[in-house]
1. Return the only residue of 21, 39 being over 23 Å from residue 100 (Cα atoms) and either more than 10 Å from the chain's Cα centre (by Cα) or at pLDDT 95 or above (or both).
2. Just to check your reading of the model, which residue among 68, 55 is within 10 Å of the chain's Cα centre (by Cα), surrounded by 18 or more Cβ atoms within 10 Å (Cβ to Cβ) and within 28 Å of residue 108 (Cβ to Cβ)?
3. Is there a residue in region 61-80 that is without any contact (Cβ under 8 Å) to a residue 60 or more places away in the chain and over 21 Å from residue 98 (Cβ atoms)?
4. Tally time: how many residues in region 86-116 are in a strand (DSSP E or B) and out of contact with any strand residue (DSSP E or B) (no Cβ under 6 Å at 6 or more places or on another chain)?
5. Inside region 66-85, can you point out the residues that are more than 25 Å from residue 37 (Cβ to Cβ) and assigned to a strand (DSSP E or B)?
6. Could you please find all residues in region 32-44 being under 12 Å from residue 55 (Cα atoms), crowded, with 22+ Cβ neighbours inside 10 Å and in contact (Cβ under 8 Å) with a residue 40 or more places away in the chain?
């Protein structure tokens, strides 16, 4: 598979979970959490989906800046942010940390959408 190209995802994608392929709609994906070798996909009004995949693999395919990495273990959908604190974001009642390595890029992005 020399000519395999990595493309970004437009509206949905499929992941393997519990011996089946499960459809994930981008519009409903809240955030991705890394737990060891697995990803836990947190989806609006649905139970999380566990899949064996790396953060790098999904990060390369999710559209930017709609999805942004904020921590070694978290990728968020920026349109789903409820509020931002100094060191965390809240999405659907979950506070997710923003690590120092991703803080500058994240706050530069947020600044573009801030009216003060």
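The values are calculated or read from the model by the stated rules, or taken from the named source; none is laboratory data. Because the structure is a prediction, the values reported are computed rather than measured. Cβ atoms come from the backbone with ideal geometry, glycine included; neighbour counts cover every protein chain shown.
1. Checking each option against the conditions leaves just 21.
2. 68
3. Scanning region 61-80, I find at least one residue that is without any contact (Cβ under 8 Å) to a residue 60 or more places away in the chain and over 21 Å from residue 98 (Cβ atoms), so the answer is yes.
4. 1
5. 83, 84, listed by residue number.
6. Hit for region 32-44 is 32, nothing else.
Quick grid of which residues meet (1) part of a helix (DSSP H, G or I); (2) modelled with pLDDT under 95; (3) more than 18 Å from residue 99 (Cα to Cα):
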residue	(1), (2), (3)
2	no, yes, yes
5	no, yes, yes
31	no, no, no
51	no, no, yes
57	yes, yes, yes
